[in-house]
Amino acid sequence: MHHHAYLWTGPKERFDDEALRRPPHPDPPPAGGRPELIERYRQVAAEFRTSDLPPLETAYWLVKPRSLVRGTWDEAKEAAGWLGERLAEYTPRFAAESDRDTARLARLVDAAAERLRSGADVSYGCYLERPSYLTLAVVTCSPNRASPELPCPCA
């Protein structure tokens, strides 16, 4: 088992485009369906795997391009350490004062290490100066507990 890290920052309105953050439905809309639905399905089918947008289900980071992997570790503690470093790096930009609380951030990192050790994934999101958003994720791989069928991006 190992862990891959991902980071995304960008406009909140782009993050809110949930259709591009979920895999396309296995069954496309019927050929005689509404043209806007067919076009939206085509767009999602073409862009989901290649888009840098964070997926709604954390495990789906594994199907994104390998170039989006920010780090890989065998040890949960090291992967959680990466999370802690990124949180510290972005703390001055957090929009909410309560998100900057160092004790709270330390608890998040400790909880992440525990979750990763158990084979679970970790995903955190935070508003930055408006209208930006930050997501950090560490995904357990080989296999992923939530979606064992998903391939390792580094294989």
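The values are calculated or read from the model by the stated rules, or taken from the named source; none is laboratory data. Nothing here was measured: the structure is a model prediction, and the numbers come from that model. Reconstructed Cβ throughout: ideal geometry from the backbone, glycine too, with neighbour counts over all protein chains shown. Each accessible area value is taken on the protein alone, full model and side chains, heavy atoms only, with ligands, DNA and RNA left out. Shrake-Rupley method; radii C 1.70, N 1.55, O 1.52, S 1.80 Å.
Any residue in segment 28-57 that's in contact (Cβ under 8 Å) with a residue 12 or more places away in the chain: show its pairings with residues that are open to solvent by 70 Å² or more (accessible area, probe 1.4 Å) and outside any helix (DSSP H, G or I) at Cβ separation under 7 Å, as long as the two are six or more apart or on different chains.
Cβ pairs passing all conditions: Tyr41/Pro28; Pro55/Arg22; Leu56/Arg22.
Does Ala113 meet the test of being within 28 Å of Arg14 (Cα to Cα), at pLDDT 95 or above and in contact with a helix residue (DSSP H, G or I) (Cβ under 7 Å, 6 or more places away or on another chain)?
So Ala113 does not fit the description; no.
Please specify each residue of segment 109-140 satisfying the condition of being more than 17 Å from Tyr6 (Cβ to Cβ), in contact (Cβ under 8 Å) with a residue 60 or more places away in the chain and open to solvent by 50 Å² or more (accessible area, probe 1.4 Å).
Passing the criteria: Tyr127, Arg130, Pro131.
Anything in segment 64-94 that is surrounded by fewer than 16 Cβ atoms within 10 Å (Cβ to Cβ), among the hydroxyl-bearing types (Ser, Thr, Tyr) and closer than 16 Å to Leu105 by Cα? List them, or say none.
Thr91
Got at least one residue in segment 79-87 being touching a residue at least 24 places away in the same chain (Cβ under 8 Å) and under 11 Å from the mean Cα position of the chain (by Cα)?
Within segment 79-87, not a single residue is touching a residue at least 24 places away in the same chain (Cβ under 8 Å) and under 11 Å from the mean Cα position of the chain (by Cα).
Residue check, Ala146 against (1) without any contact (Cβ under 8 Å) to a residue 40 or more places away in the chain; (2) open to solvent by 70 Å² or more (accessible area, probe 1.4 Å), all met but one. Which one?
(1)
Which numbered condition trips up Arg100, out of (1) touching a residue at least 12 places away in the same chain (Cβ under 8 Å); (2) touching a Ser or Thr at 6+ places or on another chain (Cβ under 9 Å)?
(1)
Given the conditions (1) among the aliphatic types (A, V, I, L, M); (2) open to solvent by less than 10 Å² (accessible area, probe 1.4 Å); (3) over 20 Å from Pro23 (Cα atoms), and given that Ala106 satisfies all but one, which numbered condition is not satisfied?
It is condition (2) that Ala106 fails.
Could you count how many residues in segment 36-51 are surrounded by fewer than 17 Cβ atoms within 10 Å (Cβ to Cβ) and assigned to a loop (DSSP other than H, G, I, E, B)?
Qualifying residue count for the region: 2.
Just checking, which of Tyr41, Tyr60 is of a type in the set (Ser, Thr, Tyr) and modelled with pLDDT of 95 or more? Please lay out each step first, then the result.
On the way: Tyr41 fails: modelled with pLDDT of 95 or more.
When all the criteria are applied, what remains is Tyr60.
Restricting to segment 1-35, name every residue that is under 29 Å from Pro148 (Cβ atoms), in contact with a strand residue (DSSP E or B) (Cβ under 9 Å, 6 or more places away or on another chain) and open to solvent by less than 40 Å² (accessible area, probe 1.4 Å).
Across segment 1-35, the qualifying residues are His2, His3, His4, Ala5, Tyr6, Leu7, Trp8, Phe15.
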